[in-house]
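Engineer: The following block contains the structure, expressed as structure tokens.
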Amino acid sequence: MTSSTIPNSPPASRHKHRGNNRTVTDEQRQRILAEAFQSGARVCDVARRYDVARSLIYQWRRAARRQAESVFMPAVLVDEPPEPASDPIAAIVIDLPGGGRVSIAASTPPGLAAAALKGLR
């Protein structure tokens, strides 16, 4: 379990709320974020239950989103057709306007396939 006392750092945060001055671990922060942003949950109720400020929960969410955005790389499209793959057979083939084609092999991890399909929107 990791913790830190650096103010406003994404991994752990030190904060003052209702006279408390304590450190929140990564695991606690993740649990609070998951609960606060479930469908039907109210941030104010979760904040009260864990004795943290509502604004701190929103700060954590912004930091998590910034960190997630930095993980993705932009796609690069090229005009030349790719070399035909000799190994896996495509389980999903999507013909795009303009003659492009996206093929997803059956062995593709589900998360990668979902990200590729989501990127086509």
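The values are calculated or read from the model by the stated rules, or taken from the named source; none is laboratory data. Not measured: the values here are computed from a predicted model. Neighbour counts run over all protein chains shown; Cβ positions are idealised from the backbone, glycine included.
Engineer: Against the conditions (1) at negative phi; (2) out of contact with any helix residue (DSSP H, G or I) (no Cβ under 8 Å at 6 or more places or on another chain); (3) modelled with pLDDT of 90 or more, where does P7 fall short? Just the number, please.
Structural biologist: Single failed check for P7: (3).
Engineer: Quick check on the stretch 73-94. Is at least one of its residues more than 16 Å from the chain's Cα centre (by Cα), loosely packed, with under 11 Cβ neighbours inside 10 Å and at pLDDT 80 or above?
Structural biologist: Yes; the residues of the stretch 73-94 include at least one that is more than 16 Å from the chain's Cα centre (by Cα), loosely packed, with under 11 Cβ neighbours inside 10 Å and at pLDDT 80 or above.
Engineer: Also: Residue by residue through the stretch 97-117, note down the ones that are loosely packed, with under 10 Cβ neighbours inside 10 Å and closer than 18 Å to V78 by Cα.
Structural biologist: Passing the criteria: P97, G98, G99.
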